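Contents: one structure, followed by commentary.
The values are calculated or read from the model by the stated rules, or taken from the named source; none is laboratory data. These numbers were taken from a predicted model, which means no experiment stands behind them. Neighbour counts are summed over all protein chains in view; Cβ atoms, including those assigned to glycine, are modelled from backbone coordinates with ideal geometry. Surface accessibility is based on the protein's heavy atoms, side chains included, excluding ligands, DNA and RNA. Shrake-Rupley method; radii C 1.70, N 1.55, O 1.52, S 1.80 Å.
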Amino acid sequence: MSSRRKALITGITGQDGSYLTELLLQKDYEVHGIIRRSSSFNTGRIAYLFQDPHEDDVRLHLHYGDLNDASSVSRILDRISPDEVYNLAAQSHVRVSFDIPEYTSEINALGTLRILDSIRESNLKCRFYQASSSEMFGKVAEVPQSETTPFQPQSPYATAKMFAHWATRNYREAYGMYAVSGILFNHESPRRGETFVTRKITRGVARILSGKDDKLYLGNLDAQRDWGYAKDYVEAIWLMLQQDEPDDFVIATGEMHSVREFVSLAFGMVGRDWDNHVEIDPRYYRPLEVDELKGDAALAKSRLGWAPKTDFPELVRLMLESDIAAEGLDPGDFILAE
């Protein structure tokens, strides 16, 4: 009988899911992921982790399911009996949540509730992680934001995430479940979705260098965010489920940079003036903007022993190198030496 720990990840094909899968496999977990049935493959971020199915010791398994379908969630939980459950699945685009608020709430809010209640109903003795978001702070009451800062959500996405956050805390307190939320501030990587502003910027620079585009269209350049590296942040996610007692943690760098700074740095790294290429498109403005997100991760540092390893310029460089290489170019020919 194997003593290997089993983890179930929703949202396994996303940015965080792929890095977390990588981390857990390195730690000798058996990893299970829930994926939605689709007419096209969406497993590109984790494809390199798949093993030969004929091997005796396959440790990565995918299951069809949907957070919109409580029966599929319960069935998978019963079949696997995981030691740890990481709920990373979401409609994750804040701007898009204004266009599809009902779907966003169905997945981000009620989807979380379905998992929590399935765990409770089946009496599983597993540990549960909920991916909360700094967007819950919204119209911020203070800077920086910590675990005690009040939430004032400014989007359907943030409102749904707040529901899930409080549901997680409620199940922890009402039923004695080991259930925690990580309030993660913006975290990026070369695996970030192409519609998110950071990846839109680095991919836009790469396309301009390749001659495919000349302009990059963006929205609010004055929004300020606390940007970290997703690969660093999944270590904090794992650490939250390894503690003696469950608690919620802010995960952030403690530094704030504007979208304008990100743009300027990315173009500057390749010796270009961003003013010559960036144009503002009002379509990318949110109906309600969140202006200043900056996290205080002191609790994570003291209790988890966690701190970010990758600074802002290094993060931008990593993303640029990846997107330039994806255009078939040599990053060394374009990125200036420090």
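For this structure, a couple of remarks:
- The stretch 191-224 - residue that is more than 20 Å from S264 (Cβ to Cβ) and within 13 Å of the chain's Cα centre (by Cα) and, of those, most open to solvent (accessible area, probe 1.4 Å): R191
- Residue match in the stretch 287-307 (condition: touching a helix residue (DSSP H, G or I) at 6+ places or on another chain (Cβ under 8 Å), of a type in the set (D, E, K, R) and either touching a residue at least 12 places away in the same chain (Cβ under 8 Å) or farther than 20 Å from R192 by Cβ (or both)): no
- Listing of strands (runs of 3 or more DSSP E) fully contained in the stretch 4-86 that carry 1 or more residues being at pLDDT 95 or above and within 21 Å of Q130 (Cα to Cα): 6-10, 30-35
- Of all residues in the stretch 169-185, those that are under 22 Å from V234 (Cα atoms) and in contact (Cβ under 8 Å) with a residue 60 or more places away in the chain have Cβ atoms under 6 Å from Cβ atoms of residues that are surrounded by fewer than 24 Cβ atoms within 10 Å (Cβ to Cβ) and among the aromatic types (F, W, Y), 6 or more apart or on another chain, in M177/Y171; A179/Y171.
- Within the stretch 314-338, the residues that satisfy the criterion of being out of contact with any strand residue (DSSP E or B) (no Cβ under 7 Å at 6 or more places or on another chain), open to solvent by less than 60 Å² (accessible area, probe 1.4 Å) and within 21 Å of Y229 (Cα to Cα) are V316, R317, L318, L320, S322, D323, I324, A325, P331, I335.
- Only residues that are of a type in the set (D, E) and either in a strand (DSSP E or B) or out of contact with any Lys or Arg (no Cβ under 9 Å at 6 or more places or on another chain) (or both) were counted in the stretch 183-213, giving 1.
- Within the stretch 251-270, the residues that satisfy the criterion of being in contact with a strand residue (DSSP E or B) (Cβ under 7 Å, 6 or more places away or on another chain), of a type outside the set (A, V, I, L, M) and either on the phi > 0 side of the Ramachandran plot or surrounded by 23 or more Cβ atoms within 10 Å (Cβ to Cβ) (or both) are T253, G254.
- The set of residues in the stretch 136-154 that are open to solvent by 50 Å² or more (accessible area, probe 1.4 Å), in contact (Cβ under 8 Å) with a residue 40 or more places away in the chain and β-branched (V, I, T) contains only V143.
- Residue in the stretch 117-135 that is open to solvent by less than 40 Å² (accessible area, probe 1.4 Å), of a type outside the set (K, R), over 24 Å from R303 (Cα atoms) and outside any loop (DSSP other than H, G, I, E, B) present: yes
- Condition check for N170: in contact with a helix residue (DSSP H, G or I) (Cβ under 9 Å, 6 or more places away or on another chain), part of a helix (DSSP H, G or I) and open to solvent by less than 50 Å² (accessible area, probe 1.4 Å): no
- Residues being hydrophobic (A, V, I, L, M, F, W, C) and closer than 23 Å to Y233 by Cβ - total across the stretch 186-222: 3
- Some residue of the stretch 181-202 being over 24 Å from R45 (Cα atoms) and aliphatic (A, V, I, L, M): no
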